[in-house]
Amino acid sequence: MRVTAIGIGYLGLTHAVCMADLGHQVLAIDVDVEKVEKASRGETPFFEPGLEPLLRKNLDAGRLRFTTSFEEIAEFGEVHFLCVGTPQKPGETAADLSYVYGALDALAPHLTREVLIVGKSTVPVGTARDLLNRAQATAPAGQDVNLLWNPEFLREGYAVQDTLTPDRFVFGVTSDEAGRQADATIREVYATPLNSGIPGITMDLETAELVKVSANSFLATKISFINAMAEMCEAAGADVIALANAIGIDERIGRKFLSPGLGFGGGCLPKDIRAFRSTAGSKGVDSIVQLLTTVDEINLGRRERVTTLAREAVGGDLSGKKIAVLGIAFKPNTDDLRDSPSLDICKRLVAEGAVVSVHDPVANANAARSYPDFRYADSVHEALAEAEVVLHLTEWAEFRAIDPVAVAEIVAQKVLIDARSALDADAWHAAGWAVYRPGQPAKIG
C-alpha cells in the first residue's frame, strides 16, 4: 500500500521505517528540512537500537522516501499516519495539540480522493472525532476522508520491536460503514503482524484515545506505589526489594514495573499522566485528578531523596564536592533527556555548588549541547576519578560490569548511591564501599 508518515520525530521516523519494512511504499514528511535531509541520507537524529540499519535497508530497497511537501504526500498516499508530538504546554499540565491540528490543516486542503487518516499521537479524549469533522469540512474530498485512531505503545530502546510485533493493536473507528471500511483498511496495513497472531482490537474512537493514557497512568501508579513503599521501608528499617519480590509473585500484581528507585521520566509517562489529569479535571472526574497528582508527586519526590542522600554523604554541604554520575538519559538504550530524573538530579547538585562529572554511554553529546555546566567523561574511570560520591542513576548494562575493587583505587571516598537498585550491593560492599539504595538498609562499615 502507499502509506505516509506525517512527522519524523521519534514516533514518526520509527513508524515510517517499520511500515516500509513490512513491504509498503512509504513517503514520510516533516517541516524540518534538516531532519528530512538527514533521514534521506540514512541517518537518525536520535539513538534507537536497530533503527538506523533498518532505515538504510529500506532506503536502498526504494520503499522509503522523505519530503517536505504536503501536496506530494496527499497525491501519493492511501493511508496517512499522523505521528506528530503532543508535548506538555509550557506552564500547564495540558497537552499541546497545535502540532496535531497544524499537520491536519496542512494536509486536508490537498485531499481530493478517498483516503484514511490514522492518528497515532497521544491526545485527549474527544480529539479524534473533532479532527475527523475538521478534515471532512476542509478537504475537497469531503466525506470521502475517513479517520481511525491507532495509539502507539512504543518503549524507547525497543521501538522497532514494539512497532513490528506489539502486544496488541488498537483500532478506534466510527460506528458506521465508514468505520467498518477504516477497520478493513488498517488490518490490510498490519496484515503481516496480525496474521502472526497479534490481537487487533476494534473499538470506538473515544475508548481508543483512552487506552494509551490509561495504560501509562496504571504503569506510573505502580511505579509510584513501590517508591512510596520504599519510603515506608526506610522509615521501618525494612527491605523494599524483598517486599517487591514477595508481592510480585501474586499474579494479580506481578513483578514488572515494581522496581523501586528513581522513578520514571521520558517523553511519554510524565506528560501523558499530566495531560490525562488535565482532561479528567475538565470533565469533573476528581478521582483521576487526585490519584495522578499523588502519583506525580511521589515520582518527583524520589529525585529530592537521592539529592538528599548525596548531600548527607559529604557531610551536609555539596559545595565544591566532586560527584560522579553514571547515566544521564532517562533510561538505558536511549539518548533521550526529556524529563530525565538523572538530569534533574545533576542540575540540583550543580545548583548547590557540586562539581558533577557525568558518563553516559550514549547521551553525553546530547546533554552537553544544552547543559554545559557538567563535566562529561568519556569513560567510567574518567568520571569516577577523585569522586567523593558515585551516583548510579541510569541502569545501563555496562555499569553492572564495573569492577568495584578496581574503581575503589581511583575515588576519593568509596560511597555509592545506587538509585536504580540495579548493581550488586554485596559485591560493592565487599570491596569496601558504603552502599546506599532507596528503601533498603544501608551497607556501611
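Throughout, read-outs are computed from the coordinates displayed, never taken from laboratory work. None of these values were measured; they are calculated from a predicted model. In this analysis, Cβ positions are derived from the backbone assuming ideal geometry, glycine residues included, and neighbour counts consider all displayed protein chains.
The equivalent ellipsoid of region 306-445 has semi-axes of 21, 17, 14 Å, largest first, where each one is the square root of 5 times an eigenvalue of the Cα gyration tensor. Mind checking which of VAL213, VAL36, VAL405 has the largest fluctuation in a GNM of the chain, springs on alpha carbons under 10 Å? Top of the fluctuation ranking is VAL405.
This model, with +1 at the C-beta of Lys and Arg and -1 at the C-beta of Asp and Glu, gives region 2-198 a dipole about its Cα centre of some 240 debye. Considering only GLU251, GLU37, GLU92, the mean-square fluctuation computed in a Gaussian network model of the chain, springs between alpha carbons under 10 angstrom, is largest for GLU251.
Test of understanding: in a Gaussian network model of the chain with alpha carbons linked when under 10 Å, which of ALA182, ALA385, ALA235 would top the mean-square fluctuation ranking? Highest fluctuation among the options: ALA235. Principal-axis analysis of the Cα atoms of the chain puts helix 177-189 at an angle of about 60° to the longest axis.
Dipole magnitude for region 300-436: computed about the Cα centre from +1 point charges on Lys and Arg Cβ and -1 point charges on Asp and Glu Cβ, it is near 400 debye.
When only Cα pairs under 8 Å and 6 or more residues apart are kept, what is the percent relative contact order across region 300-436? Don't jump to the answer; show the numbers that get you there.
Details: 265 pairs, mean separation 33.9, N = 137.
Here the relative contact order equals 25 percent.
Can you flag which of LYS120/LYS222; LYS331/LYS443; LYS35/LYS283 are past 29 Å Cα-Cα? Please report the intermediate quantities before stating the final value.
Numbers: LYS120/LYS222 25 Å; LYS331/LYS443 26 Å; LYS35/LYS283 38 Å.
Pairs exceeding 29 Å: LYS35/LYS283.
In the chain, taking the dipole from charged Cβ atoms about the Cα centre, the farthest positive-side position among ALA363, GLY50, VAL240 is held by VAL240. Structural descriptor for region 2-198: relative contact order 19 percent, calculated from alpha carbon pairs under 8 angstrom and at least 6 residues apart.
Let me have the 222 nm mean residue ellipticity of the chain computed from DSSP H runs of 4+ only, each contributing -39500 (n - 2.57), with the sum over all residues rounded to the nearest 500. All intermediate terms of the calculation are to be shown ahead of the outcome.
On the way: 19 runs with 203 residues, N = 445.
After summing the helix terms and dividing by the residues of the chain, the value is -13500 deg cm²/dmol.
Within region 2-198, the percentage of alpha carbon pairs spaced more than 21 angstrom apart rounds to 49%. Computed from Cα atoms, the angle from the helix 51-60 axis to the main principal axis of the chain rounds to 30 degrees. Averaging the sequence gap over all C-alpha pairs within less than 8 Å and six or more residues apart, then dividing by the number of residues, gives region 213-297 a relative contact order of 35 percent.
DSSP finds beta bridges in the chain, and of those with both partners inside it, around 5 percent are antiparallel. Any idea what angle helix 98-107 forms with the longest principal axis of the chain, computed on alpha-carbon atoms, 0 to 90 degrees, nearest 10? Approximately 30 degrees, to the nearest 10.
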